[in-house]
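Below is one structure, written out as structure tokens; the observations come after it.
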Amino acid sequence: MNALIVGSGGREHALAWALRKSPRLERLYAAPGSAGMSALAEPAACDPLDAEALAGVCRERKVSLVVIGPEAPLALGVADGLRERGFSVFGPGRDAARLESSKAHAKDFMARHGLPTARSKVFTAFEEARAALPSFGDSVVVKADGLAAGKGVRVCASHSEAEAALSDFLLEKVHGEAGRKVVLEEKLEGTEATLMAILDGKSCRLLPSSQDHKRLLEGDQGPNTGGMGAVSPAPALTQALLSRIRGEIFDRALEGLRKDGLDYRGVLYAGLMLTREGPKLLEFNVRFGDPETQAVLPLLDADLLELLHSAAEGRLEDAPLRAYEGSSVCVVLASEGYPDQPKTGRPIEGLDAADALVFHAGTKRAGKSWSTAGGRVLGVCAVGPDLGSARRKAYEAAGRIHFEGMHFRKDIGACASCAC
Ligand code: AMP
Ligand code: GLY
């Protein structure tokens with residue numbers, strides 16, 4: 001079977017690596033793909049947001065399965081466009097993708113279908129939102145409704161911080177349309193974890209759990225980023241918690257999607273806070289997490305092509321997914337200035353010396369030389385019989401890679417950062 005991955009980042013590189021292991025795969029393409037993953041997936045020069053152009057690639061190259069990586073094409077309805085043209089697609093349609101593209105919609109979905117989450121309220125007017133702050137206690141979370149490249153959430157320690165966030169979003173419009181509406185939310189305390197599931201519209205299968213490290217600096221300090229590293233499985237997610245999350249979140253979400261008339265075929269990402277009252281949903285994403293996917297896929301003991309294809313065709317098996325024993329760690333190597341103004345174009349050395357899986361997120365190749373081309377540059381991943389050995393391997397490999405201004409968190413998977 002031929003398959004096409006839509007996207008070009010570290011997550012898509014990891015998907016290509018895992019799909020390649022399937023004996024059923026013949027040719028693998030990526031639109032647009034990247035030089036970093038070109039040994040696994042042939043680049044198809046094509047706008048990932050253009051369903052008609054992607055359908056052209058599928059026709060020409062006899063593609064039987066399209067796997068959509070990022071949220072932007074999903075939010076635009078690229079999956080619908082491809083399905084209407086007769087292709088099998090792994091990724092939800094535009095209406096279902098609103099679970100990620102509108103936080104107000106996601107909160108409404110959670111409330112209507114009884115999914116545990118933080119108390120919240122939606123506002124469009126600054127004065128009304130400001131007047132509501134005291135009802136959320138001293139700490140409050142301010143979220144832009146729409147997609148804001150991971151920068152639309154501010155966890156505020158005081159009302160003055162929250163007012164500044166409200167002013168930025170609603171008055172200054174720093175996120176444009178995405179911040180026209182805001183969600184005010186009570187701040188939850190606990191440990192964060194991620195659980196992703198593959199859905200075929202009727203049932204779901206849970207992937208190995210994971211934990212992202214969203215803050216820029218060690219000890220969970222500094223601004224939020226797209227993710228500075230991940231571990232799998234999440235140290236805090238016990239079997240009992242997993243069963244509870246399956247029942248209270250995924251089963252209710254499946255039922256809710258069905259009641260709302262949505263046929264969800266793709267991955268549903270639950271960002272969770274494990275609070276004293278139990279697991280609560282922070283957010284849904286409608287695609288694979290990045291960098292969680294880079295840590296999760298090496299532990300998955302299943303044929304990913306078969307899994308995603310069966311979900312796209314609405315015939316997912318009902319058995320639990322198998323995972324290898326042990327742990328996996330992904331350390332993100334970032335550029336100077338990330339996340340605000342990353343410096344790019346810096347030569348990268350030591351890629352061949354790194355004894356680990358190295359997924360390219362933002363790189364460029366000229367001949368045999370590589371240089372940086374984004375904020376998050378590489379995801380260095382290693383698997384080991386336990387978290388400690390996976391960490392050692394990943395950090396040893398990361399230490400062999402160098403570019404000017406390179407920085408990474410040294411505490412990915414360390415107990416201090418995962419509160420386990
Ligand atoms: P989100 O995009 O909604 O997951 O938010 C990004 C990050 O903000 C999360 O990973 C949390 O670290 C933090 N966050 C979001 N909502 C809350 C909340 N209600 N309480 C505490 N932290 C939150
Ligand atoms: N790692 C968080 C995300 O993919 O949104």
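The values are calculated or read from the model by the stated rules, or taken from the named source; none is laboratory data. Keep in mind that what you see is a predicted model, and the values were worked out from it rather than measured. Heads up, the Cβs are rebuilt from the backbone with ideal geometry, glycines too, and the neighbour counts pull from every protein chain shown. To get the accessible areas, we keep the full protein, side chains included, count just its heavy atoms, and leave off ligands, DNA and RNA. Shrake-Rupley method; radii C 1.70, N 1.55, O 1.52, S 1.80 Å.
Which whole number of Å³ per residue matches the convex hull of the alpha-carbon atoms in the range 108-164?
105 Å³
Note down the nm distance, to one decimal, between modelled labels 7 Å out along Cα→Cβ at Glu186 and at Asp352.
Result: 5.8 nm between the two label points.
Quickly rank 223-234, 23-34 as a protection proxy: mean count of other C-beta atoms within 10 Å, highest first.
Ranking, from highest mean packing down: 223-234, 23-34.
Taking 7 Å along the Cα-to-C-beta vector as the label spot, tell me the Arg59-Arg119 distance in nanometres, rounded to one decimal.
5.6 nm
Using only alpha carbons, build the gyration tensor for the range 317-382 and give me the equivalent ellipsoid semi-axes, biggest first, whole Å.
29, 15, 11
If you bin the C-alpha pair distances of the range 63-106 every 5 Å from 0, what whole percents do you get?
Once binned at 5 Å, the Cα pair distances of the range 63-106 give 6, 27, 31, 20, 10, 5, 1, 0.
In debye, nearest 20, what is the charge dipole magnitude of the chain about its Cα centre with +1 on Lys and Arg Cβ and -1 on Asp and Glu Cβ, if you could check?
For this selection, approximately 420 debye.
Give the relative contact order (percent, whole number) for the chain; include only Cα pairs under 8 Å separated by 6+ residues.
Relative contact order for the chain comes out at 16 percent.
Do any GluC sites (Glu not before Pro) in the range 169-251 lie in a loop, going by DSSP, with at most 13 other beta-carbon atoms within 10 Å of their beta carbon, and if so which?
Listed in order of number, the matching sites are Glu172, Glu189.
Given the -39500 (n - 2.57) contribution per DSSP H run of 4+ residues, what per-residue ellipticity at 222 nm results for the chain, rounded to the nearest 500 deg cm²/dmol?
-7500 deg cm²/dmol
Using amide H atoms built 1.01 Å from N in the peptide plane, name the residues 5+ places from Arg409, or on other chains, whose amide H lies under 5 Å from its own.
Result for Arg409 returns Val332.
Over all alpha-carbon pairs in the range 9-57, figure out the percentage whose distance exceeds 15 Å.
The proportion of pairs with Cα distances above 15 Å equals 44 percent.
What's the ranking of 114-122, 340-348 by average number of surrounding C-beta atoms within 10 Å, highest first?
In decreasing order of mean packing, 114-122, 340-348 become 114-122, 340-348.
How large is the accessible surface per residue of the range 294-420, computed with a 1.4 Å probe and reported in Å² as a whole number?
For the range 294-420, the per-residue accessible area is 46 Å².
Compare the Cα positions of Gly261, Gln294, Ala319 along the charge dipole of the range 258-362 (+1 at Cβ of Lys, Arg; -1 at Cβ of Asp, Glu; about the Cα centre) and return the one farthest towards the positive end.
Toward the positive end, the furthest listed residue is Gly261.
Considering only Gly152, Thr191, Ala39, whose Cα is most displaced toward the positive end of the charge dipole of the range 39-194, charges sitting on Cβ of Lys, Arg (+1) and Asp, Glu (-1)?
Ala39
I'd like the trypsin sites (Lys or Arg not before Pro) in the range 169-273 restricted to DSSP loop residues with at most 16 other Cβ atoms within 10 Å, sorted by number.
Here the sparse-neighbourhood loop sites are Lys173, Arg180, Lys187, Lys202.
Please name which of Ala3, Gly278, Gly69 has its Cα lying farthest along the dipole of the chain towards the positive end, using unit charges on Cβ (Lys, Arg +1; Asp, Glu -1) and the Cα centre as origin.
Towards the positive end, the residue furthest out is Ala3.
Any idea what the alpha-carbon Rg over 2.2 N^0.38 Å comes to for the chain?
In units of the globular-protein estimate, the chain measures up at 0.94.
Determine the equivalent ellipsoid of the range 265-420 by diagonalising the alpha-carbon gyration tensor, then write out the semi-axes as square roots of 5 times the eigenvalues, largest first, rounded to whole Å.
Result for the range 265-420: semi-axes of 29, 20, 17 Å.
Quote the charge dipole size of the range 176-240 about the Cα centre in Debye, to the nearest 20; the model charges only the Cβ of Lys and Arg (+1) and of Asp and Glu (-1).
Here the range 176-240 has a charge dipole of around 240 debye.
For the range 56-133, take every pair of Cα atoms, bin their distances at 5 Å starting from 0, and report each bin as a whole percent.
With a bin width of 5 Å, the distribution comes to 3, 14, 18, 15, 13, 12, 9, 7, 5, 3, 2, 0.
Quick one: in the range 199-303, what % of C-alpha pairs are over 17 Å apart?
Tail of the P(r) past 17 Å holds 57 percent of the pairs.
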